[in-house]
1. How many nm is it between the label spots at L210 and A51, if each spot is 7 Å from the Cα in line with the beta carbon?
2. Taking H as built 1.01 Å from N, whose amide H comes closer than 5 Å to the amide H of A352, not counting residues under 5 places away?
3. For the range 272-409, which semi-axes, largest first and in whole Å, follow from the square roots of 5 times the eigenvalues of its Cα gyration tensor?
4. Quick one: Karplus J couplings for the range 109-116, per residue in order, coefficients 6.51, -1.76, 1.60, θ = phi - 60°, nearest Hz, x for Gly and Pro?
5. Take the Cα gyration tensor of the range 103-152, multiply each eigenvalue by 5, square-root it, and list the three semi-axes largest first, rounded to whole angstrom.
6. In whole percent, and with a 1.4 Å probe on the protein chains, what portion of the accessible area of the range 149-196 is carbon and sulfur?
7. Relative to the Cα centre, what is the charge dipole magnitude of the range 301-404, using +1 at the beta carbon of each Lys and Arg, -1 at the beta carbon of each Asp and Glu, and rounding to the nearest 20 debye?
8. By its C-alpha gyration tensor, with a ≥ b ≥ c as the square roots of the eigenvalues, how is the range 221-302 shaped: rounded for a/c under 1.5, else prolate for a/b larger than b/c, else oblate?
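The values are calculated or read from the model by the stated rules, or taken from the named source; none is laboratory data. Computed from a prediction, not measured in an experiment: that's the story for all the values here. Note that we place each Cβ from the backbone using ideal geometry, even for glycine, and neighbour counts take in every protein chain shown. Side chains are part of the model used for accessible areas, which takes the heavy atoms of the whole protein and leaves out ligands, DNA and RNA. Shrake-Rupley method; radii C 1.70, N 1.55, O 1.52, S 1.80 Å.
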Amino acid sequence: MKLRPVLLVVLILSAFYYVTTHVGSTSAFAPWLHRAAPEVAAPASGASTAALKGPMGSFELTEADAAPAYDTEEQQNIAVYKKALPSVVNILSTAVAFDFFYGPVPQQGQGSGFILDKQGHILTNNHVIDNAQRVEVTLSDKHKYKATVVGVDKGHDLALLQINNAPDLQPATLSESTSLTVGQRVYAIGNPFGLSGTMTRGIISAIRSLRGPANSPIEDAIQTDAAVNPGNSGGPLLNSRGEVIGITTLIANNGADQSSGIGFAIPINTAKAVIADFAKYGRIRRPSLDISTLAIGPDIAEQIGLPADYGVLIQRVLPGGAAEKAGLHGGTQRAGYLGNMAVMSGGDLIIAMDGQEIANTQDLAAAMNSHKADDEVTLTIFRGRRKMDVKVKLSDATSAQGQPGQQQS
């Protein structure tokens, strides 16, 4: 009687062994058994498994059957890069400094630039080649050429170079910078930290005025969050069609010599005007009113008692300049301070040029860029409460000097 439980257990175990080893794959128990065992995932669609074996064991890698197609955004990035890269150059400038014992010590700086024409003219920043004894240009195909400095505009931080005997140059396509919009996508290509052919992407963050390396005003400078680092200076800032809208020139770094997400570019229309002067006169000959001005808003207008809450107020008229010859008046008394800058009242308030409204210094700079030295323009001004038109013959800006902290036009 005691053998019955033992025989029953042996019978149950034997039946279970038979079912799992002989009947499991084909019987009604199969689905249950299959669910109980862990499943091995099949390769994803468009992928296959490759087995690798070696001393460390075997590896099963899932590989794509083919490279995926680029999406629309990627295609645009690639198109911009392919179009612009052949026009972008790297610039190596060599200057000579002297050590404590007056021994010559070569110093090198790097920057970027872009090709303007098939004759080998190249545009870059003045600070890239300033005081250089030797300038070398490397094209995108790695060929190197000695460059000659044709002309410089320190006020706008621009320099024009030329290389000779370089075949098959591909000039950059220049766009316009008058209708740029915050939020517009932009690309920067250059030589950051010596890494040639580097492209970064961002948007236009703002359009604002700032002061360049020589403390000269740069109107309508393009602010961008595209990564800009040392070595990008002089390179092109491009729109989504691969056309140049600006020349990368400054970064806001707060002491760190690298990108902080705030970079600036000189608008291409300013560069076009500089190039036109180089071509026609062999030097910079920008038009000037020979005045120092202050942009007016509602608060300042109310404080000083001006008849309009917009325009540019003449703070100072340069002796012997265009404005003085035309009879324009500068400020006569101190009305207060804007930051640490004295605000002078009593000067003429410019509100239009040739019928075009002048609401701020940017408007005045844009209007001036459409003229050249010796042109005659008509300024609409308020003198006190009296509105009047004054004709002014523009002078050559090369002899004009501005007041620190003020806008000179």
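1. It is 6.0 nm.
2. Distant-sequence amide H within range of A352: I358, T380.
3. Semi-axes from the Cα gyration tensor: 25, 16, 13 Å.
4. For the range 109-116, the Karplus curve yields x, 10, x, 10, x, 8, 7, 9 Hz.
5. They are 20, 13, 10 Å, listed from largest to smallest.
6. Accessible surface attributable to carbon and sulfur in the range 149-196 totals 48 percent.
7. 380
8. Oblate.
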